[in-house]
Every structure is written in structure tokens, then in C-alpha cells.
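The values are calculated or read from the model by the stated rules, or taken from the named source; none is laboratory data. These numbers come from a predicted model, not from an experiment. No Cβ is skipped: glycine too gets one built from the backbone with ideal geometry, and neighbour counts run over all protein chains shown.
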């Protein structure tokens, strides 16, 4: 046997061994692409999911975890915030080799890949991908997550509420006013109309709070009529008497009149931007139970503010002062009108143009409201993606009297993860996907049936893994002691052991029916 053959055989076996190299990373929190350097030129198999972070202009970037907007996870200008900013700049790579269309947020499992460099990977094969359009078409996200220990069952909502930003839904006066956002003509509007109706009808909520719809009654009337025709249920809208001013938009209500009736008159809150913050009480016809629904659209982030509204370069953007004042005005409007509506329960929703840890949201929480995104989904929730970084600008908060009547909430990711190429003005795509740039947010309510009991979860640690025993439908999150999210996920009936990505002291939060339980644990790998 000659040396040349032996050398070729050795190269062949080395290549085969390289192709079977399984790789997993233990410190996901601090992972950067530099950790790929030892595998450059090799083929490896990732033992953990690979997340698609961005799909802009068909160029896919990916990472070992989803990228989040820094102020969605950490308070502005803190060490934790600065750490996320830095890591977001160094933990994504270009991913080639995938065929077909892929959305942001998809997770690739069992990926075999060639490492071209620390910034470039080629996908060779994979086991499966989650988070595709097909997955989302299978059904609307569940909002029945709350467990009632008294009945040993999960509580099913009797009222589904949806808030949605419709990205300048116009029916007339196209291309006029202060800007030319929205459809440029009626042809584009009809395409926008088809996509929006497909989304809202799929959700089939009992009550919609809509933002970025044209002022006046024509746009909101059309939406209600389309829902009636496509669902077979009777939908109506709240008339607010506002006029049409070019492409200026407003917030408004569409409701199923078979299920709900409005109580009292709509209340306008014109602090800051007008026509975009409103209150209306609704009553369930079958039971007589009521609640107040506050739908809002705060001033947008921009670098154009001055004085108190100037961009402070802390991640909150311009006009943060105005948005914070708007948050205060929402609390004041509720306080001033709850006697008028004769009810204390309030649900606050809408596009607040502020991420979870920014001042406007902190103001609402300090005013007694609970952030339902975090209550039900820890740090994993999002409704908007900007430059590949996810977070939620579209909020759902409620006060302490309504909270026990909330069965769950979820964002329906039909928009934020989609390529801009699928908007009505760039594509003939007539599906519900990318009908807006924001995801609809859903809240389930079981009015009149407060859930007051809960079974405390049991958390144990064995061989560096977490074992959680808790009602199915809850969520867990693992944080560093300074609050950075390391991992999160849902809890099943029999939750598999959960590997902790780091050693040392961690904070584990378990979100169940009526409480959030926090544990400090020492992890030894």
C-alpha cells in the first residue's frame, strides 16, 4: 500500500470525522462569532438551534440566539444595556445555503454547516425548521395559559381582544396631507385591504383596538364591514366624529355586536398627538360584565426632537419626554373616567413606540399596571423587529383588578418577522403575512371569573440542569444576577431537564397562573 493512498485515506477519514463534529456553546449570554474561529474550514453539526435574525434583501444573518432590542431587555444606559448593545454587534454571521423564503425568528434544528469564517457559514443540511409561515397558518396563538388550581384546569377565555397597528390604512385622499405614507392609490389600497382583512378575520377577535387607520369613519367602517362579510359575525365600530385630514391617522374600535355593547361615550385623550389615545367601556351582552379598553398610539421615535424631547442617546430615541407624558395622561384618563364608566377594570393596549424597559412603560407600571408580555412570556416576547433586533412596541397592560381575569396574551408573528418585500405595494402576495410592520397582540379575558389560587412550582437542580414541576402552559426564564436573559421557554406537563447555559449564580423565574416565582440558584456544571 503506497504512501499516497495512505495519505488520501487519512484525509478522507479526517474529513468524515470533521463532518460529524457536534458543537454546542455553554455561555449563550456572552457568545460572539469569535467562538467559531476554531472551526474555520471544517464542517460541524450545531447541537442547539440556530436563529435567523435578519432577512433583509434576501441576505440572511443568524446567531445562536435571537437578537433583542437593548431597551426591551435592560434599562437604558445601564451596564446591562451597554452589554447587549456590544454583543448585538458581534454575535451574528451571514448564513448561505438555505433555499426558499425564510422569516426572521425561524429556528434551524440539527444544522450541519461549513464554517467559512467567523462571519460566514454555509448550511449544508438540517433536521427541521420551526417558525415558518406554515406553522403560523396552523392556528392563532393560544391565550388560554392561566391555570386555576381550584378546578385543576386551564381557564378558557370568553372574550378575545386584539390590538393591531395597520400601518396607515387609508381609503381615500391617497398621497395627500403632510406625507405620502400608506397606499398611493386605490389599487394599492385594495391589496392592503385584502391582506389586513385576511389577518383580522383569521384572528376572529370579539374586540379590536386599531391604530394607524385614516381619520373619519370611512376606513373603520370598511374594516367592520369586511369582518362581518368574512367571519359571518356582525361587527360594528365606535363613531368618534373625527374629520379626515389627508393621511393623518387615528386609533379606533371595532367590536362584534353579537357579543359586546359599548357602555357610555368614547373619551378622547389629546395629550401629545391628537386622535390617538382613547377610552371606551364595553359590556359582555350575555353576562353584563364590563371593562374599560384604552387603545393608544404614542408619538414615534425620531431624532427630530429638541429640548426635553431631544434624543438622549440612551436607546430611547427622540420624543421620549412626550411619550412619557402620554403615558401619564393614559393613567389620568383612566382615573378620571372609571367612575363615569362605573368599572375599575382596565386594559391598556396599542403601539406605544417604546420598548419594555423605557420610561413610558416604566411610568405605566409604576402607576399600577402589569406588563402582560412579561407576565406570561418572560423576556421572550416581541411584536416588532428593527434591523434584526426584536422587541415589543405593541403593548398589553392591565390593572390589578383585571389581571386575575386575564387568561393569557400573545403576539401573532405574522408581520414583524416578514421581509419587507411582501408588503402590498411591493408584492402581489395576498396572504395575511406582512399586512403591517407590527404584529397584532391578543389578550384573552374571562370577565367575572377571577382566578385567585395557584400551585407554587417546584424547582430542583441536578447535574447543572433545572427540573421544573409546574402547571402546563407556564413559562420560565433564566437570568444573570444583573438581569440579563440567558434562556427562556414554555413549561409542559413533563418538562425535560433544562440545561443552564452558564455556571455560577442565576435567577430563575417561573411564570404560572397568578404569580411570578423567583429563585436564586447556584449552578455547577
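Annotations for the structure displayed:
- Restricting attention to region 68-112, the residues being farther than 23 Å from residue 488 by Cβ and either free of Cβ contacts under 8 Å to residues at least 40 places away in the same chain or in contact with a helix residue (DSSP H, G or I) (Cβ under 9 Å, 6 or more places away or on another chain) (or both) number 8.
- Every condition in (1) within 16 Å of residue 380 (Cβ to Cβ); (2) at pLDDT below 90; (3) not in a helix (DSSP H, G or I) is met by residue 29 except one, and the failing one is (3).
Let's see how each residue does on (1) buried (at least 24 other Cβ atoms within 10 Å of the Cβ); (2) in a helix (DSSP H, G or I):
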| residue | (1), (2) |
| --- | --- |
| 317 | no, no |
| 329 | no, yes |
| 339 | no, yes |
| 349 | yes, no |
| 355 | yes, no |
| 360 | yes, yes |
| 365 | no, yes |
| 368 | no, no |
| 380 | no, no |
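- Verdict on residue 400 being in contact (Cβ under 8 Å) with a residue 24 or more places away in the chain and more than 20 Å from residue 490 (Cα to Cα): yes
- Residue within region 395-402 that is under 11 Å from the mean Cα position of the chain (by Cα) and farther than 29 Å from residue 187 by Cα present: yes
- Filtered by the rule that a residue be touching a helix residue (DSSP H, G or I) at 6+ places or on another chain (Cβ under 8 Å) and closer than 16 Å to residue 447 by Cβ, region 257-290 gives 263, 281, 290.
- Unique match (being assigned by TED's automatic domain parsing to the domain that holds residue 223 and more than 27 Å from the chain's Cα centre (by Cα)) among 325, 289: 289
- Lone qualifier among 493, 507, 524, 468 - being at pLDDT 75 or above and surrounded by fewer than 19 Cβ atoms within 10 Å (Cβ to Cβ): 507
- Just one residue in the set 124, 95 is closer than 24 Å to residue 433 by Cβ and either in the same structural domain as residue 47 (by TED's automatic domain parsing) or surrounded by fewer than 18 Cβ atoms within 10 Å (Cβ to Cβ) (or both); that residue is 95.
- Breaking point among (1) assigned to a helix (DSSP H, G or I); (2) under 25 Å from residue 357 (Cβ atoms), for residue 304: (1)
- In region 287-301, residue farthest from residue 212 (Cα to Cα) [restricted to those that are in a loop (DSSP other than H, G, I, E, B) and in contact (Cβ under 8 Å) with a residue 60 or more places away in the chain]: 287
This table checks each residue for (1) touching a strand residue (DSSP E or B) at 6+ places or on another chain (Cβ under 8 Å); (2) surrounded by 18 or more Cβ atoms within 10 Å (Cβ to Cβ).
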position	(1), (2)
50	yes, yes
53	yes, yes
67	yes, yes
78	no, no
84	yes, yes
90	no, no
116	yes, no
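- Of residues in region 263-280 being over 26 Å from the mean Cα position of the chain (by Cα) and part of a strand (DSSP E or B), the one modelled with the lowest pLDDT: 268
- Applying the set (1) part of a loop (DSSP other than H, G, I, E, B); (2) in contact (Cβ under 8 Å) with a residue 40 or more places away in the chain; (3) within 18 Å of residue 249 (Cβ to Cβ) to residue 192 leaves exactly one unmet item: (1).
- Any hit, region 404-413, residues being out of contact with any helix residue (DSSP H, G or I) (no Cβ under 8 Å at 6 or more places or on another chain) and crowded, with 24+ Cβ neighbours inside 10 Å: yes
- Odd one out for residue 347 among (1) over 24 Å from residue 141 (Cα atoms); (2) in contact with a strand residue (DSSP E or B) (Cβ under 7 Å, 6 or more places away or on another chain): (1)
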